[in-house]
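Trainee: Following this message is one structure expressed as C-alpha cells.
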Amino acid sequence: MYRYDQYDQAMVDARVEEFRDQCQRRLDGQLSEDQFKPLRLMNGLYLQLHAYMLRVAIPYGTLSGAQMHILADIADKYDRGYAHFTTRQNVQYNWIKLEDAGDILADLASREMHAIQTSGNCIRNISSDHFAGAAADEVCDPRPYAELLRQWSSFHPEFSYLPRKFKIAVIASPTDRAAMKLHDIGINLVRNNEGELGAAFYVGGGMGRTPMIAPQIREFVPLDQLITYAEACLRVYNRHGRRDNKYKARIKILVHELGADEYRRQVEAEFEHLLAQKIEPPFAELERLCEFFGDPGFENLAEAEIDRSDPEFALWVDRNTHPHKRPGYTSAVISLKPVGGIPGDATAAQMRLMADLATQYSFDECRVMHTQNIVLPHVRKADLHALWTKLDEAGLATPNLDQIDDIIACPGLDYCSLANARSIPVAQKISQRFAANGKGDTLGELKLKISGCINACGHHHAGHIGILGVDRKGVENYQLLLGGSEADDTSLAKITGPGFDEDGIVNAVETATDVYLANRADGERFLDTYRRIGMAPFKEALYG
Amino acid sequence: MVDHTSTTPSGAEGRGPEARPFLRFRDDDPVGDPAVTVNAFLGQGNATAVRIEPGDDTRELLPHLDRVALVEVNFPTLGDGRGYSAARILREEGYTGELRAVGNVLVDQLAFMRRCGFDAFEPGEPLDAADVEAALGRFPHVYQQAADSAVPIWSLRHGKEAGARNG
Ligand code: HEM
Ligand code: SF4
C-alpha cells in the first residue's frame, strides 16, 4: 500500500488547518453561506436534507486496517454509529455537524486520509479495479498509476475550476471491474506488440442525464508521458468544454459535439506543445510508487482444496470469492447487502471487525468496491472457513455477490436534496421479495442498480436491471430499465415504458425475472437472454 | 521557464487615489495604456495592452507577443476557470510581460493563479493584506509543474534542486 512521506503529510495537514479556519469563520459569521459553499465543497462537505454530509476520499478504494478503524471511530464519535460506502469507492457520513468538521479532517489526516476534491468541479478521487494486485487476469497493478494521477491532480492550479466535475478510473486487465468507459477519462494499462506497458485512453464517458460510453482517444500512451497526455486531455476540456449549461458541461458532451476525431486532433496538438514543456514527473517517481504496491509477502503455497462439506460455506465460496494470481490465495468479498438492509451501510462495529479481519487474513489490506461491498484481496484458501465463520457471526456473510439482492442504490430521498424518489426502501423491498419467494437463488448473475433521480449516482444506466426514481405530479414514480452493463461489454440500459409506483416497481422487477427464467438458454445470464430476445417479450409481460 | 516574480507584493503604486484595488508582484512600472479587446488588438498595430475574455482564443495573440506589455485576463465569475489555461499558455509560449487577473478574484484563488503565471491582480473587491499573505503561504509544496518556479514534490523526492525541470 502507498504510505505518505513528509511531503504528502505536510500537504494534508495544511489543508486541515485551512479548512478549520474556514469553518471557524463561517461559525463566527464572518463568511456567509454563499461564500462558504465553494470552500466547503472543496472539502467534500455537502449540505443535505437534514444535516451536513461529509465524503471522504479512499484513493482507488484501498484501505489499511488502521484506516478502516479510524473510519469506524469517526462514525461513532461524530455520526450515528454507521457509515455509507459509495459507488465511487468512497465513504460518506450523513449526520455531520459543522463544529466537528475540522476535527474529523484532523482524525483522517492522522491516518493518511483526507476529503480533498471529493466534490466541486475539479478532478475527483481516482477509482480503480477492486481486485488490483490480486486478480489473476491483470497485466500489472493499476494502482501506482492511479497514485501518480492522484498526486498530479491534487491542488492542480489549472484544473480546479473546470466546467464540471471530473472522474478518472484506471484499470489494467481485459475484464473491466471499474466501469472504466463510464468515466470522464478511463485508462486501461496494456502491453503493446513490443511487450512494453502503456496506457489506452478512453475519454468522454459518463452517466447522469445523458449517459455515454467513452470512445478510445489513444491506443497507447507510453508510461513516461502519462501525466503529459492527461494534462492535454484536461486542457482541451477546460478551454472548450461548455459552460453555458450545467447539464451540458461534462466532457462527454464536448467529445460528442466535436466528434472523437476532432477532440483527438486537438489533444494531440496540445500534447505536442506540452511535451516540450517537460511537465512529466521523473520516471524514478513511478518506480518509487510501484514499490509500494509490490508483493505484500505472499507465501509459496501449493494450490489448496477447499473443504466444501458445509453447504452454506460452499455457496459463499462459490459466489463471494474471486481467482487470485497466486496459488493457495483468493480474494474474498464481504457483502454489505444483507436481505432488507441498506446497501453500502456498515456499522462501526462491523467496520472494526472488517479492519481486524483485513489485518489478520489479508496483509492488513481491504478494498471498497464500486458495488458498495468490501474486498479482502489476499486471503489464504486455508483460512477461508475461519474467516467466513467470523463474518457469519457478524451478519456479514451474505452469499450474494452479483446476485439480484447485491443492489447498488444511491442515498435517494432519504438523504439527498436532489432526489425525486426514495431508493433505499425500494432496494430493501426487492431483496426481501426475492428472499421470500426463493427466486433469488435461481437467477445467477443479475446486477440491479437504483438511482433516486436522473443524476444516476446509483448507476441505473449500467444495470442489467436499472431503476430510476422520477417525480410524477408530485408522486414518487419509478421507471424500469433493462440491458445495461458497466463491464467490458459496456452498454446502456433502455427504459421499458411507463413507470410504476413503489409496490408496482417491485412487481415489475419480479415479472422481468420471470420472463428471463422462462426464456433462458443454457448458461445464459439475464443480460445475455435480454440481448438475445430483445425488449418485446419483457414489454409484453409488463404492460401486455 | 521565466521567473520574473518579486516575492513581496506592492500596493497601488503609481496609481491615483481613485485607482481600484491592485496587487502586483513585479518590480517594473505598471503599464499605463488601457487594455483593448483581442479583436481590437489584432486590428491595431500599435496597442501594447490586451484584455482576454473567457471565450477568446489566447493563441491568437502568439504571433504578436513581442509587442505586448500587459495582458489582462478577465474572470467574470468565480467558477469560470478558462483564464487559468489562458495564463499558463502565455507563459509557456515565453510571454514575460505583466499578466493581470481582473474581476472575480478571491483570496482563495490567488495561489493557483500565481502558479499559472499571473503576477498582478485587480480584484473587484479589495483583498485584505493579511489574508493574502496567509493564502499564499498556506501550502508548503506543490504536486505538479506549472508556470511558476516551484519544484514539484516528485522532483524534490528525487533530489532536484529548486529551478530544475522535470523530465
Ligand atoms: C447525497 C448527495 C449527492 C449529491 C447531491 C449528488 C449529486 C450528483 C449529481 C448532481 C450528479 C450528476 C452530475 C452530472 O451529470 O454532471 C451525480 C452523479 C454521480 N454521483 Fe452523485 N450525488 C450524491 C451522492 C452520491 C453517492 C452517495 C454516490 C455513490 C453511491 C454518488 C455517485 C455518483 C456517480 C457514480 C455519478 C455519475 C457519474 C457520472 O455522471 O459520470 N453520488 N451526483
Ligand atoms: S441519483 Fe439523485 S437522488 Fe440519488 S444521490 Fe444522486 S443526486 Fe441524489
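Per-residue answers, yes or no, for (1) under 20 Å from B:A147 (Cα atoms); (2) within 16 Å of ligand 1 (Cβ to nearest atom); (3) among the aromatic types (F, W, Y):
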position	(1), (2), (3)
A:I227	yes, no, no
A:I251	no, yes, no
A:L254	no, yes, no
A:A304	no, no, no
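Trainee: Same structure again: Inspect the stretch A:213-220 for any residue being within 15 Å of ligand 1 (Cβ to nearest atom), part of a loop (DSSP other than H, G, I, E, B) and crowded, with 22+ Cβ neighbours inside 10 Å and give the result as yes or no.
Mentor: Within the stretch A:213-220 (the criterion being within 15 Å of ligand 1 (Cβ to nearest atom), part of a loop (DSSP other than H, G, I, E, B) and crowded, with 22+ Cβ neighbours inside 10 Å), the answer is yes, since at least one residue qualifies.
Trainee: Please determine whether any residue of the stretch B:159-167 is within 7 Å of chain A (Cβ to nearest Cβ), modelled with pLDDT under 95, surrounded by 20 or more Cβ atoms within 10 Å (Cβ to Cβ) and within 27 Å of A:A230 (Cβ to Cβ). Before you say what the answer is, go through the steps one by one.
Mentor: Pass one, the stretch B:159-167, residues within 7 Å of chain A (Cβ to nearest Cβ): B:165-167.
Within this subset, residues satisfying the condition of being modelled with pLDDT under 95 are B:165-167.
After this cut, where a residue has to be surrounded by 20 or more Cβ atoms within 10 Å (Cβ to Cβ) as well, the list is B:166.
Going one step further and asking which of them are within 27 Å of A:A230 (Cβ to Cβ), we end up with B:166.
So far as the stretch B:159-167 goes, yes, one or more of its residues are within 7 Å of chain A (Cβ to nearest Cβ), modelled with pLDDT under 95, surrounded by 20 or more Cβ atoms within 10 Å (Cβ to Cβ) and within 27 Å of A:A230 (Cβ to Cβ).
Trainee: Additional query: All but one of (1) more than 16 Å from ligand 1 (Cβ to nearest atom); (2) closer than 19 Å to A:S335 by Cβ hold for A:G458; state the number of the condition that does not hold.
Mentor: The number of the failed condition is (1).
Trainee: Could you run through the stretch A:400-427 and say how many residues are within 16 Å of ligand 1 (Cβ to nearest atom), surrounded by 20 or more Cβ atoms within 10 Å (Cβ to Cβ) and more than 12 Å from A:V509 (Cβ to Cβ)?
Mentor: 15
Trainee: With respect to A:H378, determine if the residue is crowded, with 19+ Cβ neighbours inside 10 Å, within 16 Å of ligand 2 (Cβ to nearest atom) and farther than 30 Å from A:G474 by Cβ. If you could, list the steps in order and put the result at the bottom.
Mentor: Working: crowded, with 19+ Cβ neighbours inside 10 Å: yes; within 16 Å of ligand 2 (Cβ to nearest atom): no; farther than 30 Å from A:G474 by Cβ: yes.
The answer is no for A:H378.
Trainee: Does the stretch A:428-474 hold any residues that are more than 16 Å from ligand 2 (Cβ to nearest atom) and either aliphatic (A, V, I, L, M) or within 19 Å of A:G206 (Cα to Cα) (or both), and which are they?
Mentor: A:I430, A:A435, A:A436, A:L443, A:L446, A:K447, A:H464, A:I465
Trainee: Let me ask you something else. Return a yes/no flag: does the stretch A:268-291 have any residue that is farther than 28 Å from A:T62 by Cα and within 16 Å of ligand 2 (Cβ to nearest atom).
Mentor: No, the stretch A:268-291 has no match at all.
Trainee: Out of all the residues in the stretch A:143-150, is one or more away from chain B (no Cβ under 14 Å), surrounded by fewer than 24 Cβ atoms within 10 Å (Cβ to Cβ) and in contact with a strand residue (DSSP E or B) (Cβ under 7 Å, 6 or more places away or on another chain)? If you could, list the steps in order and put the result at the bottom.
Mentor: If we filter the stretch A:143-150 for residues that are away from chain B (no Cβ under 14 Å), which is where we start, we get A:143, A:146.
From what's left, surrounded by fewer than 24 Cβ atoms within 10 Å (Cβ to Cβ): none.
No, the stretch A:143-150 contains no residue that is away from chain B (no Cβ under 14 Å), surrounded by fewer than 24 Cβ atoms within 10 Å (Cβ to Cβ) and in contact with a strand residue (DSSP E or B) (Cβ under 7 Å, 6 or more places away or on another chain).
Trainee: From the residues in the stretch A:82-130 that are within 14 Å of another protein chain (Cβ to nearest Cβ) and part of a strand (DSSP E or B), which one is farthest from ligand 1 (Cβ to nearest atom)?
Mentor: Ranking the candidates gives A:H114 first.
Trainee: Also, I was wondering about something else. Output the number of residues of the stretch B:128-148 satisfying the condition of being facing chain A (nearest Cβ under 8 Å) and among the aliphatic types (A, V, I, L, M).
Mentor: Initially, the stretch B:128-148 is screened for residues facing chain A (nearest Cβ under 8 Å), giving B:138-146.
Imposing the further condition that a residue be among the aliphatic types (A, V, I, L, M) reduces the set to B:142, B:146.
Matching residues across the stretch B:128-148 total 2.
Trainee: Right, A:V91: within 16 Å of ligand 2 (Cβ to nearest atom), under 28 Å from A:I334 (Cβ atoms), in contact (Cβ under 8 Å) with a residue 40 or more places away in the chain and buried (at least 22 other Cβ atoms within 10 Å of the Cβ) or not? Please lay out each step first, then the result.
Mentor: On the way: within 16 Å of ligand 2 (Cβ to nearest atom): yes; under 28 Å from A:I334 (Cβ atoms): yes; in contact (Cβ under 8 Å) with a residue 40 or more places away in the chain: yes; buried (at least 22 other Cβ atoms within 10 Å of the Cβ): yes.
Against the criterion (within 16 Å of ligand 2 (Cβ to nearest atom), under 28 Å from A:I334 (Cβ atoms), in contact (Cβ under 8 Å) with a residue 40 or more places away in the chain and buried (at least 22 other Cβ atoms within 10 Å of the Cβ)), A:V91 qualifies.
Trainee: Looking at (1) within 16 Å of ligand 1 (Cβ to nearest atom); (2) in the same structural domain as A:L527 (by TED's automatic domain parsing); (3) buried (at least 23 other Cβ atoms within 10 Å of the Cβ); (4) not in a strand (DSSP E or B), which is the one condition that is false for A:F434?
Mentor: Every condition holds for A:F434 apart from (1).
Trainee: Please determine, by comparing only the residues of the stretch A:407-422 that are under 9 Å from A:G469 (Cα atoms) and small (G, A, S), which one is farthest from the chain's Cα centre (by Cα).
Mentor: Of the residues in the stretch A:407-422, the ones under 9 Å from A:G469 (Cα atoms) are A:412, A:419-422.
Remaining after also requiring small (G, A, S): A:412, A:419, A:421.
Working: A:G412: 17, A:A419: 20, A:A421: 22 Å.
Top of the filtered list is A:A421.
Trainee: Restricting to the stretch B:22-37, give me the number of residues that are buried (at least 19 other Cβ atoms within 10 Å of the Cβ) and of a type in the set (G, A, S).
Mentor: Selection size over the stretch B:22-37: 1.
Trainee: Would a scan of the stretch A:13-28 turn up a residue that is at negative phi, in contact with a strand residue (DSSP E or B) (Cβ under 6 Å, 6 or more places away or on another chain) and surrounded by fewer than 20 Cβ atoms within 10 Å (Cβ to Cβ)?
Mentor: Initially, the stretch A:13-28 is screened for residues at negative phi, giving A:13-28.
Now narrow it down to the ones that are in contact with a strand residue (DSSP E or B) (Cβ under 6 Å, 6 or more places away or on another chain): none.
Within the stretch A:13-28, not a single residue is at negative phi, in contact with a strand residue (DSSP E or B) (Cβ under 6 Å, 6 or more places away or on another chain) and surrounded by fewer than 20 Cβ atoms within 10 Å (Cβ to Cβ).
The values are calculated or read from the model by the stated rules, or taken from the named source; none is laboratory data. Please read all numbers here as calculations on a predicted model, not as lab measurements. Every residue, glycine as well, gets a Cβ built from its backbone with ideal geometry; the counts of neighbours run over all protein chains shown.
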